[in-house]
Every structure is written in C-alpha cells, then in structure tokens.
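Student: Below you'll find the structure I mean.
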C-alpha cells in the first residue's frame with residue numbers, strides 16, 4: 001500500500017459537533033482517490049456512522065460540498081467536485097435522507113484544505129465535506145432570532161475622518177468627519193461603535209417585527225435599516241444636525257414617489273416629506289469568513305455533590321399582634337324588625353360581641369406563645385448563624401479540595417488530549433484566517449479606489465435610493481398607498497393559535513406587510529387594508545421544539561383559518577423569499 005493510500009485512510013474522517021440552544025451540527029470529512037468520484041469503503045463507513053447519530057426527522061438538512069486538488073483545468077475540477085458531491089448525496093438518499101433536504105455545492109479546486117505543492121496536501125484536498133444541521137427551538141422568539149441571523153453587523157470607525165461602512169446586503173452609510181457627538185453635544189474623538197441592521201428582504205423585516213404602516217395609512221417599502229452608534233463604554237451617541245449621514249439603499253427596481261420615513265420601533269413610521277433620489281452605487285461584498293473549526297470531543301463536567309451542604313438558618317420574623325374587636329362595630333347592628341323587639345336585638349348584639357372577645361382572647365393566647373418562641377429564636381439566632389458560617393467554610397474547603405483533585409486527575413488529562421487533537425485543526429484554521437485577511441484587504445482596497453464618495457459614478461453596481469439624515473434609529477424608504485375608506489376591510493383569522501404566534505398579512509402585488517395583533521376576544525386581526533390588493537396570511541410558531549407555519553390566501557368575504565403544519569427553518573426562509581419577491 002502506497003504512502004498516499006495510507007495517508008488517505010488515516011485522514012479519512014473529521015467528525016465535528018457544534019451544539020447551541022437551538023442547533024446541532026455534525027460534520028464528516030470524506031476523501032477520494034485521484035480523478036475518481038467513487039465512494040471508498042472507508043468513506044461509506046464514516047457516512048453510516050454519521051447517519052447512526054443524525055436523526056432524519058424534525059427540522060434538519062444536509063449540505064454536501066465537493067472539492068478537488070489543483071491537477072487539471074478549472075472546468076474539469078468543477079465537474080469532478082460536483083460528481084463527488086452527487087455520489088455522496090445518492091448514498092445519503094439511498095439510506096433514508098429526504099432528497100429535498102440534501103443541498104449539493106461544488107468548489108472544484110477553489111478552497112484547498114492544504115497546499116497542493118505536495119502529494120500529501122493534494123490527497124487532503126480530494127474531499128467531500130458533509131454537514132448535518134438540526135434545529136430545535138425552545139420557543140417562537142428563538143426561531144425569530146434565528147431568522148434575523150446575519151442582518152445585524154457591527155463596525156468600529158475613526159470619527160475624526162470621513163468613514164463609509166458597507167453592509168452585507170449592500171447598504172452604504174457615509175459619516176462625515178467629526179459628525180458624532182455625545183449626550184452633552186461634545187464632539188467624539190475616541191473610536192465609535194456603529195451597529196447597522198439591514199432589513200431589505202421580507203424575512204429580515206418579519207424577523208425584526210417591522211411593519212409598513214404610518215398611522216392608519218398603508219405604505220409600500222423599498223427597504224428598511226437601522227443605524228445606532230455608541231462609545232466603547234456603551235453610551236449612546238448621536239449625529240450633529242449639521243453633519244448628517246449619507247445613505248444608499250440598493251433597489252432591484254425603480255419605485256417612483258419614494259420618500260424618507262423614520263421610526264423608533266419600526267412598526268409605525270413617521271413621514272419626513274423628503275423625496276428620495278436615485279443613483280447607481282458600487283458595492284463591496286466581504287469575502288466569506290472561515291468557519292471556526294469544532295472538534296467533536298466531550299470534555300468531562302464536574303457535578304458537585306450537594307449532600308451534607310449546611311442549611312442557612314432563617315432569620316426569625318416577629319408575629320403580628322391580633323386586632324381586638326371594636327364595640328361600635330356591633331352596636332351598629334340593627335335589623336329592620338328591631339323596633340318590634342329592641343331587647344332581643346340588644347341581647348343578640350351582646351352575644352355576638354362576647355363571642356368575638358372570646359375569639360380575640362384565644363388569638364392573643366396564641367400570639368403570646370409565638371412571641372415567646374420568637375424571642376427565644378432571636379436570642380439563639382446569632383449563635384446558629386455563626387455555626388452555619390463555620391460549617392459552610394469547612395464544607396467549601398472540602399469541596400474545593402475535591403474539585404482540585406477531580407481537575408488534576410480527570411479533567412486535565414482529557415483537556416491535554418483535546419488540545420493535542422485540536423492543534424493541527426487550529427493550525428489550518430489560523431492559515432485560512434490569515435489568507436482571508438489578505439484577500440479581504442486587497443478586495444477592500446480595490447473597492448475604495450474605484451468608489452467615489454457615495455458611488456455617484458456608474459461602476460457596474462446597483463441602483464439605489466440615496467438620502468441624508470441626522471436621525472439615528474430605524475429608517476425606511478417608503479411611499480403611501482392611498483386608499484378610500486370604502487375600499488378598506490379588516491382581516492380577522494379564525495382559530496386559537498398559540499400565544500407566541502407571529503402572524504402577518506403579506507401583500508403579493510405590492511411590497512407591503514402588516515402585523516396581526518390580538519383583539520379583545522383573542523382573535524388575530526389586521527389593521528384596515530385594501531380590498532383590491534391580494535394578500536397572504538403568513539404565521540409561524542414553535543410547537544414541541546419544531547417550527548410550524550401557516551400560509552393561506554386571504555379574500556375580503558372569508559375569514560382565513562389558522563392551520564399550522566410542521567415546517568423547518570429552511571422552509572420558512574424559502575417561503576418568505578418567495579413572498580418577498582418584488583412584483584414585476
């Protein structure tokens with residue numbers, strides 16, 4: 001057996017697990033022979049091991065990425081990497097994986113794992129990476145946060161110079177030098193932390209719980225964003241009125257009549273009356289940052305035995321003294337027939353008052369006993385508290401010694417083993433990061449050289465709405481949809497959805513959507529909407545850890561019924577991408 005073959009067998013598997021509150025990820029690395037796409041027996045064993053621990057139910061999907069070494073031309077390697085990925089996909093499907101949940105990607109020779117200068121490195125690059133992801137959401141809010149992933153970006157800028165930040169969705173924001181001021185109006189000189197939230201698509205808008213309305217009027221949006229700024233200590237900053245920021249929001253198509261809207265929460269917008277200009281801006285896409293490696297290795301966890309832990313004494317509480325009955329409360333007793341038998345009424349009053357005094361005497365007797373007990377507890381409490389602190393100190397010392405012994409004999413050897421296994425993976429990751437930083441710097445330099453200020457020159461970029469504002473917070477490119485009152489109606493859904501349900505009315509011919517809120521009887525209802533605008537009721541929630549979705553067309557003469565079907569994180573994204581397509 002050749003050395004290359006031995007290396008192929010030794011480096012056949014890399015199985016990683018990443019676990020968070022809502023996502024489990026398993027990753028398998030498979031290697032192939034040169035110029036071949038046939039699955040090796042060792043690789044099949046690795047896939048079987050993955051399928052043995054990867055449930056094929058619930059909210060899950062596979063990603064299969066094919067790679068090659070650098071031998072051969074680019075087109076050949078692209079086709080070979082795709083053939084390898086398809087071979088793995090067929091194997092997964094044959095063993096029960098849903099074909100619609102297995103996504104195939106080809107990289108050819110574009111993402112080497114090691115240097116192609118030697119055969120050992122080329123053997124490592126002839127690979128397929130299989131990633132299994134399964135989502136489990138604790139509640140609807142956790143699902144919503146997952147849907148907004150990637151929409152919030154943070155930058156640190158020098159406020160003493162003109163600065164331009166570019167979001168991943170193409171939003172460009174330019175700040176003039178010395179534009180930021182603090183709460184007292186003083187110009188900020190220290191580095192400024194800027195948070196940019198881009199909500200240009202329907203998924204991001206719904207995830208951030210936005211809406212297209214201004215009071216009772218419907219809006220059509222061309223894109224929303226939020227800009228916030230703070231200093232290193234987290235104190236909020238603002239822009240000087242004389243130094244507004246310049247913003248460019250990319251637009252796939254022209255929508256005349258757009259103007260600037262502002263909002264504090266993104267649910268109800270205030271018109272500024274300032275129309276938006278249109279231009280062409282250059283865009284810069286940051287290279288994809290290398291994913292941090294994770295090694296599937298469960299380090300031992302220390303579980304402290306609570307047996308024998310001293311119990312802190314409870315501080316005595318003084319009993320409350322009973323309140324005696326008041327004579328006047330009983331003399332006020334006067335039934336309607338009292339004038340017929342006044343003596344009988346008076347005797348009844350005396351009996352009721354005497355019974356009350358007897359109850360009060362019994363209560364006072366119990367109170368006196370409680371006071372005696374309270375005083376005895378008060379006198380002994382300092383001593384009992386002192387004994388508790390002494391026992392607690394001794395118990396803590398013993399537990400610290402127990403933990404130290406566990407750490408040295410159990411945890412430290414496992415940690416050393418983990419570090420030894422992780423070191424070569426980390427070394428490769430560090431090299432990928434260094435290469436990413438170099439590629440990013442070169443790309444950004446090319447972009448900076450060609451971008452003039454806010455990109456007023458046509459450099460083959462995107463159409464964009466361009467405007468200026470000194471107001472930080474939520475910003476919207478919108479226009480009013482004027483509707484006569486006779487054309488409005490309210491959508492009220494039937495059914496009793498979970499309280500955590502997120503429901504929206506999404507219009508299919510205009511870029512508008514409204515959140516549905518519960519009325520006085522608990523029904524989900526919308527604000528007044530146009531009868532002649534087709535819409536879809538879209539709602540999602542989490543039931544037993546899995547995403548569920550409702551999608552139903554809405555007509556003015558019928559009440560839609562909320563019927564939830566099991567779905568997935570990926571499926572929700574596809575639905576929202578389809579609903580959010582800009583009408584032609």
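Student: Is at least one residue of region 44-57 touching a helix residue (DSSP H, G or I) at 6+ places or on another chain (Cβ under 9 Å), over 22 Å from residue 296 (Cα atoms), modelled with pLDDT of 85 or more and part of a loop (DSSP other than H, G, I, E, B)?
Tutor: Scanning region 44-57 turns up no residue that is touching a helix residue (DSSP H, G or I) at 6+ places or on another chain (Cβ under 9 Å), over 22 Å from residue 296 (Cα atoms), modelled with pLDDT of 85 or more and part of a loop (DSSP other than H, G, I, E, B).
Student: Moving on to the next point. Could you please let me know if residue 212 is within 15 Å of the chain's Cα centre (by Cα) and modelled with pLDDT of 90 or more? Show your work before the answer.
Tutor: Values: within 15 Å of the chain's Cα centre (by Cα): no; modelled with pLDDT of 90 or more: yes.
It is false that residue 212 is within 15 Å of the chain's Cα centre (by Cα) and modelled with pLDDT of 90 or more.
Student: Can you tell me which residue among 303, 323 is surrounded by fewer than 16 Cβ atoms within 10 Å (Cβ to Cβ), within 30 Å of residue 387 (Cα to Cα) and at pLDDT 80 or above?
Tutor: Values: 323 fails: within 30 Å of residue 387 (Cα to Cα).
Being surrounded by fewer than 16 Cβ atoms within 10 Å (Cβ to Cβ), within 30 Å of residue 387 (Cα to Cα) and at pLDDT 80 or above holds for just one of 303, 323, which is 303.
Student: I'm told residue 146 meets every condition in (1) in a loop (DSSP other than H, G, I, E, B); (2) within 30 Å of residue 60 (Cα to Cα) except one. Can you identify the failing condition by its number?
Tutor: Going through the list (1) in a loop (DSSP other than H, G, I, E, B); (2) within 30 Å of residue 60 (Cα to Cα), residue 146 breaks only (1).
Student: Across region 24-43, which residue is nearest to residue 116 (Cα to Cα) among those that are in contact with a helix residue (DSSP H, G or I) (Cβ under 7 Å, 6 or more places away or on another chain) and assigned to a strand (DSSP E or B)?
Tutor: Among those residues, the one meeting the criterion is 31.
Student: Take the residues of region 482-499 that are in a loop (DSSP other than H, G, I, E, B) and without any contact (Cβ under 8 Å) to a residue 24 or more places away in the chain: which is farthest from residue 145 (Cα to Cα)?
Tutor: Residues of region 482-499 that are in a loop (DSSP other than H, G, I, E, B), as a first pass: 482-484, 490-491, 493, 495-499.
Next cut, without any contact (Cβ under 8 Å) to a residue 24 or more places away in the chain only: 484, 499.
Working: 484: 37, 499: 17 Å.
Taking the candidates together, the pick is 484.
Student: Can you tell me which residue in region 390-409 is modelled with the lowest pLDDT, limited to those that are surrounded by 12 or more Cβ atoms within 10 Å (Cβ to Cβ) and farther than 17 Å from residue 303 by Cβ?
Tutor: First, the residues of region 390-409 that are surrounded by 12 or more Cβ atoms within 10 Å (Cβ to Cβ): 391-392, 395-396, 399, 402-403, 406-407.
Next, from what is left, pick out any that are farther than 17 Å from residue 303 by Cβ: 391-392.
Numbers: 391: 91, 392: 87.
Result: 392.
Student: Does residue 73 count as modelled with pLDDT of 90 or more and more than 24 Å from the chain's Cα centre (by Cα)?
Tutor: Numbers: modelled with pLDDT of 90 or more: no; more than 24 Å from the chain's Cα centre (by Cα): yes.
So residue 73 fails the test.
Student: Of everything in region 65-78 that's in contact with a strand residue (DSSP E or B) (Cβ under 8 Å, 6 or more places away or on another chain) and surrounded by fewer than 24 Cβ atoms within 10 Å (Cβ to Cβ), which residue is farthest from residue 99 (Cα to Cα)? Working first, answer last.
Tutor: Our first condition is that a residue be in contact with a strand residue (DSSP E or B) (Cβ under 8 Å, 6 or more places away or on another chain); within region 65-78, this holds for 65-67, 78.
So of that shortlist, the ones also surrounded by fewer than 24 Cβ atoms within 10 Å (Cβ to Cβ) come out as 65, 78.
On the way: 65: 15, 78: 22 Å.
Among those residues, the one meeting the criterion is 78.
Student: Let me confirm something: among 135, 193, which residue is in contact with a strand residue (DSSP E or B) (Cβ under 9 Å, 6 or more places away or on another chain) and over 21 Å from residue 225 (Cα atoms)?
Tutor: That would be 135, the only listed residue that is in contact with a strand residue (DSSP E or B) (Cβ under 9 Å, 6 or more places away or on another chain) and over 21 Å from residue 225 (Cα atoms).
Student: Quick one: in region 571-584, of everything that is part of a loop (DSSP other than H, G, I, E, B) and surrounded by fewer than 17 Cβ atoms within 10 Å (Cβ to Cβ), which residue is modelled with the highest pLDDT?
Tutor: Going through region 571-584, the residues part of a loop (DSSP other than H, G, I, E, B) turn out to be 580-584.
Okay, now just the ones that are also surrounded by fewer than 17 Cβ atoms within 10 Å (Cβ to Cβ), so 581-584.
Details: 581: 77, 582: 62, 583: 55, 584: 49.
Only one residue fits best here, namely 581.
Student: Anything in region 94-124 that is within 29 Å of the chain's Cα centre (by Cα) and at pLDDT below 85? List them, or say none.
Tutor: Hit for region 94-124 is 100, nothing else.
Student: Only one of (1) in a strand (DSSP E or B); (2) more than 14 Å from residue 171 (Cβ to Cβ) is not met by residue 224, so which one is it?
Tutor: In the conditions (1) in a strand (DSSP E or B); (2) more than 14 Å from residue 171 (Cβ to Cβ), residue 224 misses (2) alone.
Student: Would you confirm, using the coordinates I've provided, whether residue 409 is more than 25 Å from residue 311 (Cβ to Cβ) and in a helix (DSSP H, G or I)?
Tutor: Numbers: more than 25 Å from residue 311 (Cβ to Cβ): yes; in a helix (DSSP H, G or I): yes.
For residue 409, the condition - more than 25 Å from residue 311 (Cβ to Cβ) and in a helix (DSSP H, G or I) - is met.
Student: Look at residue 96 and say whether it is surrounded by fewer than 19 Cβ atoms within 10 Å (Cβ to Cβ), assigned by TED's automatic domain parsing to the domain that holds residue 26 and either part of a loop (DSSP other than H, G, I, E, B) or on the phi > 0 side of the Ramachandran plot (or both). Show your work before the answer.
Tutor: Values: surrounded by fewer than 19 Cβ atoms within 10 Å (Cβ to Cβ): yes; assigned by TED's automatic domain parsing to the domain that holds residue 26: yes; either part of a loop (DSSP other than H, G, I, E, B) or on the phi > 0 side of the Ramachandran plot (or both): yes.
Yes; evaluated as a whole, the condition is true for this residue.
Student: Taking region 160-170 as the search range and keeping residues that are modelled with pLDDT of 90 or more and part of a loop (DSSP other than H, G, I, E, B), which one is surrounded by the fewest Cβ atoms within 10 Å (Cβ to Cβ)?
Tutor: Result: 161.
Student: Next question. Looking at region 500-570, what strands (runs of 3 or more DSSP E) fall wholly within it and have at least 1 residues that are outside the structural domain of residue 148 (by TED's automatic domain parsing) and within 22 Å of residue 215 (Cα to Cα)? Full working, then the answer.
Tutor: Values: elements: 502-507, 513-515, 535-543, 546-554.
Because the criterion is at least 1 residues that are outside the structural domain of residue 148 (by TED's automatic domain parsing) and within 22 Å of residue 215 (Cα to Cα), the strands (runs of 3 or more DSSP E) in region 500-570 that meet it are 502-507, 513-515, 535-543.
Student: Residue check: is residue 172 free of Cβ contacts under 8 Å to residues at least 40 places away in the same chain, more than 17 Å from residue 232 (Cα to Cα), within 31 Å of the chain's Cα centre (by Cα) and in the same structural domain as residue 221 (by TED's automatic domain parsing)?
Tutor: Working: free of Cβ contacts under 8 Å to residues at least 40 places away in the same chain: no; more than 17 Å from residue 232 (Cα to Cα): yes; within 31 Å of the chain's Cα centre (by Cα): yes; in the same structural domain as residue 221 (by TED's automatic domain parsing): yes.
In short, no.
The values are calculated or read from the model by the stated rules, or taken from the named source; none is laboratory data. Not measured: the values here are computed from a predicted model. Note that we place each Cβ from the backbone using ideal geometry, even for glycine, and neighbour counts take in every protein chain shown.
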